């Protein structure tokens, strides 16, 4: 009895259950032993004609209405999901970072491959030693290697000459910005002010602090 009382208390929240409860209460009221009330009801129905009887016999199609509402809800959910997927792709294009790595000798690609292989081995043997995801670790290693190579280039005359010939730095030891030139299909010098090595080291430290 306690369970039935609890169920009856929450039954008004059930779309179909509340309708069944109301229908049952109406039927119980109309089946009472009061013959006078039944006679009055029968008299009130007289003279209304065939059209009224047809209208009274019509029942609401609750099942069809619920099915139609459910179909509309599914369609709206599908449209919302597609819109969210498109918005996510746009956000990734605006906030994502795409690497274009050269496969020429002296490039960073072998270093990235070595870091990836070692990280996977460590994940199998000693996973408790891993504190960063592989993309984060690879980014940190690339930044460390970038600063180390620039320091070495500034310190060694032979490497500095090679960097000057390639158009990467100036005679003052500052580093040039480059961008992709669609006409030449190669990197071309940008108009941005060259970057000093000390400023580059500061930027790298800030990036490393953000990705840790």
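The values are calculated or read from the model by the stated rules, or taken from the named source; none is laboratory data. Small disclaimer: the values here were computed from a predicted structure and weren't measured. For neighbour counting, all protein chains shown are included, and Cβ atoms are generated from backbone atoms with ideal geometry for every residue, glycine included.
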Checklist (1) modelled with pLDDT of 90 or more; (2) part of a helix (DSSP H, G or I) applied to residue 183, failing item: (2)
Qualifying position, being more than 24 Å from residue 100 (Cβ to Cβ), free of Cβ contacts under 8 Å to residues at least 60 places away in the same chain and surrounded by 12 or more Cβ atoms within 10 Å (Cβ to Cβ), among 196, 172, 163: 196
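Table: residues versus (1) touching a helix residue (DSSP H, G or I) at 6+ places or on another chain (Cβ under 6 Å); (2) in the same structural domain as residue 148 (by TED's automatic domain parsing); (3) over 20 Å from residue 211 (Cα atoms).
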{"residue": "77", "(1), (2), (3)": "no, no, yes"}
{"residue": "80", "(1), (2), (3)": "no, no, yes"}
{"residue": "85", "(1), (2), (3)": "no, no, yes"}
{"residue": "91", "(1), (2), (3)": "no, no, no"}
{"residue": "101", "(1), (2), (3)": "yes, no, yes"}
{"residue": "104", "(1), (2), (3)": "no, no, yes"}
{"residue": "117", "(1), (2), (3)": "no, no, yes"}
{"residue": "121", "(1), (2), (3)": "no, no, yes"}
{"residue": "126", "(1), (2), (3)": "no, no, yes"}
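If you scan segment 83-116, which residues turn out to be touching a strand residue (DSSP E or B) at 6+ places or on another chain (Cβ under 9 Å) and more than 20 Å from residue 163 (Cβ to Cβ)?
Passing the criteria: none in range.
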